[in-house]
Amino acid sequence: MLLRLRFPQVQPRTSPQKETDFLSYGPEVTMRVPVAIVDYEAGNLTSVLNAIQYLGLQAVVTKDPKVIAHADRVIFPGVGAARASMNVLLASGLGKAVQDAVTARKPVLGICIGCQIILEHSEEDGGVDCLGIIKGKALKFHSEPGLKIPHMGWNQVEFAFPHPIFKGVEDASEFYFVHSYHPVLSNPVEAAAYTTYGKQRFASALYRDTLVATQFHLEKSGDVGLELLKNFCKWNGELC
Amino acid sequence: MLTKRVIVCLDVRDRKVTKGIKFESNVDVGDPVEMGAQYSRDGADELVFYDITASAEKRAIDIEMVKDIAKNVFIPFSVGGGVRNLEDMYDVLLAGAEKVSINSLAVLNPQIITDGAKAFGNQCMVLGLDAKFVGISEKFPSGYEVVIQGGRKPMGIDAVAWARRAEGLGIGEICLNSIDADGMREGYELSITELIANAVMVPVIASGGAGTPAHINTLFAKTHADAALVASMVHFGTYSIAQIKAEMALAGLPVRRVGVSK
């Protein structure tokens, strides 16, 4: 966990590996999994897993690139900082596994830091090169009088076009955000949704082929968030 | 536009939600997991669970309860009461809570704010600040003093000075509870809320005194609070979250709409 990396003296008494839903890693893994949640030690993955199970669907949390290779769908979540996340992604081979999943045209969902780390670069931690699956950068919000950073709370998400994961959800519904950096796309056509904070309008959902990523936490956004998650878990990767 | 949040507070004792007047004469009102899930479905923007006896009994928060809540609640929630150290914070966050709320621990050991913010990020750290009106004096320029243990123990610190200091130490949010207004259902204490909201840049949650939706509208009209905490007015069924949201929308406040999917 990133929490432990940032603060090594904190030793958890509740080990996440004891959770039955964490797939046993290892070379013997060959079974297909419907949804793999990528555990790259970037904060709490339990919420995403809980939400999928609440929907009556199956998922596993994994650190093993081979499990991701055998997954039908991949969720790339994360709460944390860009540099620590990238270090783990590069060292573990998980970054490449996510890129391979996109190349193989599997549905891939990035959430929060997972929506920034798919870009080429992040301004966080003095500047970090990221995966570069989508062209663009994660930049910090500009300061404005009275504007609080991080952007935390419920804000409207305006759909740029009817992406399949938005099905059944009203345009401009509120979703839950917690972030200080936001995506800036080189190619604005890759924005799936926009949100305005203060005077700053940013792409709050991105897409390219079978990859879709949300800056907001759909696992913490009540009914509309669960609807998006359900749509993703049923999505065949086609855009229309 | 960021919406004004309505946060439901659930005081938990022996795994039952309880509600008292001025921290005394509590009555049990239901199961925390069921109530949390129901408020989440009804459109609450956030939940706060306080294990109100953990602190007094010097025991850890009921982590199994936090895990059960996380399996049924898909909006942000924070947990407080009985957080003793960084390990307790870690357990609470790993169990699925979005934030940890600390109150007396922070007053007695302010360094824990910085340590927690460094380890988990300041967005995870909520300061519970209980303030009591004592009159303006040299020692209390705001007229409000920080108290702990449900108002029983005055700490000799000015409430606004403490809020500023906690912000400097890395707190991400302040939940300001007026001991004088708490449980009275006569409205939030606006003066201290506005003093603190103007003194810090982090979001301020007003707590204590909500009895009607009009109290919430008044809070947001007269202060710069970011969120309103409610408890008895919804626990006893007097008002629903939907009613509160509807009144807020009528007053022109930015609110998260409820039940717009499909």
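The values are calculated or read from the model by the stated rules, or taken from the named source; none is laboratory data. Nothing here was measured: the structure is a model prediction, and the numbers come from that model. Cβ placement follows ideal geometry from the backbone for every residue including glycine, while neighbour counts extend to all protein chains displayed.
For region A:84-116, which residues satisfy the criterion of being aliphatic (A, V, I, L, M), out of contact with any Leu (no Cβ under 6 Å at 6 or more places or on another chain) and not in a strand (DSSP E or B)? Walk me through it before giving the result.
Taking region A:84-116 first, the residues aliphatic (A, V, I, L, M) are A:84, A:86, A:88-91, A:94, A:97-98, A:101-102, A:104, A:108-109, A:111, A:113.
Checking which are out of contact with any Leu (no Cβ under 6 Å at 6 or more places or on another chain) leaves us with A:86, A:88-91, A:94, A:97-98, A:101, A:104, A:109, A:111, A:113.
Answer for region A:84-116, where residues must be aliphatic (A, V, I, L, M), out of contact with any Leu (no Cβ under 6 Å at 6 or more places or on another chain) and not in a strand (DSSP E or B): A:Met86, A:Val88, A:Leu89, A:Leu90, A:Ala91, A:Leu94, A:Ala97, A:Val98, A:Ala101, A:Ala104, A:Ile113.
Which of the numbered conditions does B:Val27 fail, given that it passes all the others? Conditions: (1) under 18 Å from the mean Cα position of the chain (by Cα); (2) modelled with pLDDT under 90; (3) part of a strand (DSSP E or B).
(1)
Give the residues of region B:228-262 that are farther than 13 Å from B:Asp42 by Cβ, at pLDDT 95 or above and in contact with a helix residue (DSSP H, G or I) (Cβ under 7 Å, 6 or more places away or on another chain), sorted by residue number.
Answer for region B:228-262, where residues must be farther than 13 Å from B:Asp42 by Cβ, at pLDDT 95 or above and in contact with a helix residue (DSSP H, G or I) (Cβ under 7 Å, 6 or more places away or on another chain): B:Ala228, B:Glu247, B:Met248, B:Ala251, B:Leu253, B:Val255.
Could you name every one of the strands (runs of 3 or more DSSP E) located completely within region B:99-191 that has at least 3 residues being surrounded by fewer than 18 Cβ atoms within 10 Å (Cβ to Cβ)? Please lay out each step first, then the result.
Details: elements: B:99-102, B:125-133, B:144-148, B:153-158, B:173-178.
Filter on region B:99-191 gives B:153-158.
Within region B:209-251, can you find the residues that are more than 16 Å from B:Cys9 (Cβ to Cβ) and within 14 Å of chain A (Cβ to nearest Cβ)?
B:Phe220, B:Thr223, B:His224, B:Ala242, B:Lys245, B:Met248, B:Ala249, listed by residue number.
Run B:Glu46 past the list (1) surrounded by 23 or more Cβ atoms within 10 Å (Cβ to Cβ); (2) away from every other protein chain (no Cβ under 14 Å); (3) not hydrophobic (A, V, I, L, M, F, W, C) and report the number of the one that doesn't hold.
Going through (1) surrounded by 23 or more Cβ atoms within 10 Å (Cβ to Cβ); (2) away from every other protein chain (no Cβ under 14 Å); (3) not hydrophobic (A, V, I, L, M, F, W, C) one by one, B:Glu46 breaks only (2).
Is it fair to say A:Val74 is modelled with pLDDT of 90 or more, hydrophobic (A, V, I, L, M, F, W, C), part of a strand (DSSP E or B) and under 21 Å from A:Val102 (Cβ atoms)? Show your work before the answer.
Numbers: modelled with pLDDT of 90 or more: yes; hydrophobic (A, V, I, L, M, F, W, C): yes; part of a strand (DSSP E or B): yes; under 21 Å from A:Val102 (Cβ atoms): yes.
The answer is yes for A:Val74.
Checking A:Phe216 against (1) surrounded by 24 or more Cβ atoms within 10 Å (Cβ to Cβ); (2) at the interface with another protein chain (Cβ under 9 Å from one of its Cβ atoms); (3) out of contact with any Cys (no Cβ under 7 Å at 6 or more places or on another chain), which test does it fail?
Here A:Phe216 clears every test but (2).
Across region A:40-59, which residue is farthest from the other protein chains (Cβ to nearest Cβ) among those that are over 27 Å from B:Asn122 (Cα atoms) and buried (at least 22 other Cβ atoms within 10 Å of the Cβ)? Before you say what the answer is, go through the steps one by one.
Applying the first criterion (over 27 Å from B:Asn122 (Cα atoms)) to region A:40-59 yields A:52-59.
Subset that is buried (at least 22 other Cβ atoms within 10 Å of the Cβ): A:52, A:59.
Values: A:Ile52: 11, A:Ala59: 14 Å.
Only one residue tops the list, namely A:Ala59.
Within region A:149-198, how many residues are within 7 Å of chain B (Cβ to nearest Cβ) and not in a strand (DSSP E or B)?
Residues flagged as within 7 Å of chain B (Cβ to nearest Cβ) and not in a strand (DSSP E or B) within region A:149-198 amount to 4.
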